[in-house]
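Enquirer: Let me begin by handing over the structure; questions about it come next.
Taken together, the values in this text are just the output of simple stated rules run on the coordinates, not laboratory data. None of these values were measured; they are calculated from a predicted model. Here the Cβ positions follow ideal geometry from the backbone for every residue, glycine too, while neighbour counts run over all protein chains shown.
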Amino acid sequence: MISQETIEQMMQSLKEMKAAKEQEIEEQRVKWLGKKGEITRLFEEFRTVSPELKKEYGQKLNALKVAAQQRIDAMREELSQIIEATKPASDLTMPGDVMELGSRHPISITREEIISIFRKFGYSVAEGPEIEDDWHVFSALNFPPEHPARDMQDTFFVSPGGDNPILLRTHTSSVQVRTMERSDLPIRVICPGRVFRNEAISARAHCIFHQVEGLYIDKNVSFADLKQAILLFAREMFGPDTQIRMRPSYFPFTEPSAEVDVSCNICHGKGCNICKGTGWLEILGCGMVDPNVLRASGIDPEVYSGFAFGMGIERIAMLKWQVKDLRHYFENDLRFLREFETVV
Ligand code: PHE
């Protein structure tokens, strides 16, 4: 029969309750709180309690029920902590995790391909600093003082002002200047590297991109040599049937200067949306090194002549794989990068 004593006894046995297994905890739950459990039975008896005692017993019974539930929850928690603590740290017999292999970035693939083509032609690779001075990026390359490339709108300055401001190089022609300053002649180098221009980022422009520029200086180097070098490069890069055409252009550091197009490797000259119906795709700028540039680096233009060229790696990779948006190269989206997994 429901009484003060039974309730207290039950409270006491709840406190002493022990279980070593999940199943034992469940048995205890059924024993106390199940449909035919002891506390449930007390609630049934509660109906017969005289009205003056109902309030007192009601509160006690509720407290008992809450205590039973809390004790069972606590036992479950204790048990899972014991299981967790006694588990072996790791199962050494399990098979290892497969490490996902990365793949080379399309810009690296293209850079390596350009380098290996020019290596075959006898060019070596030269590198130089990304943080440069005005002399190596502009002045030694015959840029007049008022040239717009020197504007803050176009170039990132690290420390503007003074005779020779420090800036982020806008092209790797600066490496060609450094090579001319310190190397013996003849010179035959390519200069791959990252360059920076103050441009709004869009599908066709980025403030960081990569170039490979080239320089060849020797006695009797002519425009015909330049044309041949570019033609051979274009055929190695885009296929043996590739044609090139040169359009007159202007760069402060070359004279004459030209822009080079290759025949569209998608439509083979018929006209498509990649070449915008023209059958031609622009790939690089080039020209004969201006005598002022040779002189600025201590080379006698009466004895030596040379050619230079420069191309954007992103652009070459875009043409090769029909990448439509320059931003893909910088976003590291695995869906894009995985498309180059099989390119060797
Ligand atoms: N430096 C030029 C550029 O960044 C490319 C170039 C290099 C053009 C050499 C002609 C000769 O656009």
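Enquirer: So, in Å, what gap is there between the alpha-carbon centers of the stretch 188-246 and the stretch 105-135?
Expert: 10
Enquirer: Oh, and also: Taking 8 Å as the Cα distance limit and 6 or more residues as the minimum spacing, I'd like the relative contact order of the stretch 106-340 as a percentage. Before the final figure, lay out each step's value.
Expert: On the way: 451 pairs, mean separation 48.3, N = 235.
Normalised by residue count, the contact order of the stretch 106-340 is 21 percent.
Enquirer: While we're looking at this one, here's another question. Would you mind ranking C272, C264 so that the residue whose beta carbon has the fewest other beta carbons within 10 Å leads the list?
Expert: Working: C272 14, C264 23.
Fewest-to-most ranking of C272, C264: C272, C264.
Enquirer: Would you please give the FRET efficiency between T48 and D91, computed as 1/(1 + (r/R0)^6) with r the Cβ-Cβ distance and R0 = 45 Å, to the nearest 0.05?
Expert: 0.20
Enquirer: Then there is this: Between I266 and Q12, take the C-beta separation as r, use R0 = 56 Å, and let me know the FRET efficiency to the nearest 0.05. Walk me through the numbers before you get to the answer.
Expert: Numbers: r = 87 Å, r/R0 = 1.56.
Between I266 and Q12 the formula returns 0.05.
Enquirer: Regarding the stretch 39-97, what are the three Cα extents along the principal axes, ordered largest first, in Å?
Expert: Here the spans come out as 69, 16, 15 Å, largest first.
Enquirer: What is the distance, in nm, between label points placed 7 Å from the Cα along the Cα-to-Cβ direction at D241 and at S222?
Expert: 3.1
Enquirer: Taking only the alpha-carbon positions of the stretch 62-159 and ignoring solvent, what does the Debye formula give for the base-10 log of I(q)/I(0) at q = 0.11, 0.16 Å⁻¹?
Expert: Debye intensities relative to I(0), on a log10 scale: -0.70, -1.01.
Enquirer: Which one, F336, S305, L141, is farthest towards the positive end of the dipole of the chain when Lys and Arg carry +1 and Asp and Glu -1 on their Cβ?
Expert: F336
Enquirer: Which of the cysteines in the chain are isolated, no other cysteine C-beta under 4.7 Å?
Expert: By the Cβ distance rule, which asks for a partner under 4.7 Å, the isolated cysteines are C191, C207, C286.
Enquirer: Here is a further query. Could you work out how far helix 22-33 tilts from the main Cα principal axis of the chain, as a 0 to 90 degree angle to the nearest 10?
Expert: 50
Enquirer: Once you have the Cα-Cα distance between S3 and R182, take 0.36 nm times their residue separation minus that, and quote the gain in nm to one decimal.
Expert: The S3-R182 span can extend by a further 54.0 nm.
Enquirer: How much FRET efficiency would the formula 1/(1 + (r/R0)^6) give for N198 and W135, where r is the Cβ-Cβ distance and R0 is 22 Å, rounded to 0.05? Could the numbers behind the result be given before it?
Expert: Numbers: r = 20 Å, r/R0 = 0.90.
Using R0 = 22 Å, I get an efficiency of 0.65.
Enquirer: While we're looking at this one, here's another question. One quarter of the convex hull surface, Cα atoms only: what value does that give for the chain in nm²?
Expert: That works out to 34.5 nm².
Enquirer: List the relative contact order of the stretch 4-86 as a percent without decimals, with contacts defined as Cα pairs under 8 Å and 6+ residues apart.
Expert: Rounded, it is 41 percent for the stretch 4-86.
Enquirer: What translational diffusion coefficient, in µm²/s and rounded to a whole number, does the Stokes-Einstein relation yield for the stretch 70-124 at 20 °C and a viscosity of 1.002 mPa s, taking the hydrodynamic radius as the Kirkwood radius over Cα pairs? Spell out each step's value before the answer.
Expert: Working: Rh = 17.2 Å.
After rounding, the answer is 124 µm²/s.
Enquirer: Using mean Cβ contacts within 10 Å as the protection proxy, how do 165-174, 29-38 order, highest first?
Expert: The packing order, highest mean first, is 165-174, 29-38.
Enquirer: Give the order of M17, M180, M152, M94 when sorted by the count of other beta carbons within 10 angstrom, beginning with the fewest.
Expert: With the fewest neighbours first, M17, M180, M152, M94 line up as M94, M152, M17, M180.
Enquirer: So, one more: Using the Cα centre as the reference, give the magnitude of the dipole from point charges on the C-beta atoms of the stretch 234-344 (Lys, Arg: +1; Asp, Glu: -1; all else neutral), rounded to the nearest 20 debye. If you can, show how the numbers build up before the last one.
Expert: Values: 12 positive and 15 negative charges, 89 e Å.
Value, rounded to 20: 420 debye.
Enquirer: Let me ask something else. For R76 and V30 in one chain, what is 0.36 nm times their gap in residues minus the Cα-Cα distance, to one decimal in nm?
Expert: 15.1 nm
Enquirer: Divide by every residue of the chain the summed helix terms, -39500 (n - 2.57) for each DSSP H run of at least 4, and state the resulting mean residue ellipticity at 222 nm, rounded to the nearest 500 deg cm²/dmol.
Expert: One gets -12500 deg cm²/dmol as the mean residue ellipticity at 222 nm.
Enquirer: Sort V98, V343, V262, V49 by Cβ crowding within 10 Å, fewest neighbours at the top.
Expert: Exposure proxy ranking, most exposed first: V98, V343, V49, V262.
Enquirer: What pairs in K120/K270; K15/K60; K18/K87 have C-alpha atoms more than 23 Å from each other?
Expert: K120/K270
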